[in-house]
Amino acid sequence: MPRRAIWITLMAGLPLLLAIAAFLLMRDIYQPYGTRLLNIRAAEANEFTLTAHTGSTKSLSDFRGKVVLIFFGFVNCPDVCPTTMLELGSVYKVLTPGEQERVQVLLISVDPERDTPELLAKYTTFFGPTFLGLTGTPEQLAEVAKKYGVFFQKSAIKSPIEYNVDHTATVFALDPRGQLRLIYRYGMAAATDRMVEDVRWLLRD
C-alpha cells in the first residue's frame with residue numbers, strides 16, 4: 001500500500017481512536033458519589049443463596065449482568081428502612097426503562113421470624129415493581145450479613161413478636177460482574193441524581 005494511502009487510513013481512524021481513549025479516560029477518572037472500595041473483592045466472596053418473596057431460591061449470581069443494590073432491613077422498621085427504600089425507589093424511577101432492566105434492588109431481611117414472603121412482597125414492590133425481598137433461616141442471614149460486614153440484633157423486646165431490630169443501614173452497590181464496588185451510608189441515597197450517576201457508571205463498566 002502506498003505511503004499516502006496508509007497515512008490517509010490512519011488519519012481516518014484517528015477520531016475513533018481518540019473517542020475510545022476519551023471514554024476510557026473518563027471511566028477511569030470518574031469520582032463516584034458512593035464510597036469507593038479500593039480492594040475489590042472477587043464475586044465469589046459476595047455470593048449467597050436465599051429465598052425470594054416469590055418463593056423461589058435466588059443466588060447473587062442470578063443477577064450477573066446487572067447492577068445490584070443491596071440493603072439489609074425489615075418490614076416493621078419504623079424509619080431507616082422505609083426512608084432508604086423510598087430513596088432507592090426514587091433512584092430507580094429516574095433510570096430509563098432500558099437501565100431499569102439492568103438494575104436490581106434487593107432487601108435482605110434481618111427479621112426472618114416476622115418477615116414472611118407475603119409481607120416482603122407487599123413491602124418491597126411498594127417501593128419498586130421489580131424490587132425483591134430475600135429471607136432465609138437466622139443462620140443463613142447471619143452468614144450473609146457477616147460477608148457484608150452488617151451487624152443486626154433484636155432490641156426493645158416486649159414479647160416474641162414485639163421488638164425492634166438494630167442493624168447497619170448501608171446500601172451496597174455491586175457491578176454487573178458481581179463485584180462489590182461502592183457503599184452508601186444512611187442518608188446518602190437521598191442524593192438521587194448523584195446515585196443515578198454512580199449506577200450509570202457501573203452499568204458502563
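A compact table of results
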| quantity | calculated |
| --- | --- |
| Hits in the stretch 54-105 (condition: charged (D, E, K, R) and at pLDDT below 95) | 79 |
| Strands (runs of 3 or more DSSP E) wholly inside the stretch 155-194 containing at least 2 residues that are charged (D, E, K, R) and more than 10 Å from the chain's Cα centre (by Cα) | 162-167 |
| Leading residue by the ranking (nearest to residue 144 (Cα to Cα)) among those in the stretch 44-60 that are surrounded by 14 or more Cβ atoms within 10 Å (Cβ to Cβ) and not β-branched (Val, Ile, Thr) | 48 |
| Total residues in the stretch 148-180, condition basic (Lys, Arg) and either surrounded by 14 or more Cβ atoms within 10 Å (Cβ to Cβ) or under 20 Å from residue 119 (Cβ atoms) (or both) | 2 |
| Among (1) on the phi < 0 side of the Ramachandran plot; (2) under 16 Å from the mean Cα position of the chain (by Cα); (3) surrounded by fewer than 17 Cβ atoms within 10 Å (Cβ to Cβ), the one test that residue 139 misses | (2) |
| Count of the stretch 99-136 residues which are within 18 Å of residue 60 (Cβ to Cβ) and either among the hydrophobic types (A, V, I, L, M, F, W, C) or buried (at least 22 other Cβ atoms within 10 Å of the Cβ) (or both) | 15 |
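The values are calculated or read from the model by the stated rules, or taken from the named source; none is laboratory data. Just so we're clear, the structure is a prediction, and the values are computed from it rather than from any experiment. Here the Cβ is made from the backbone with ideal geometry for all residues, glycine too, and neighbour counts use every protein chain on show.
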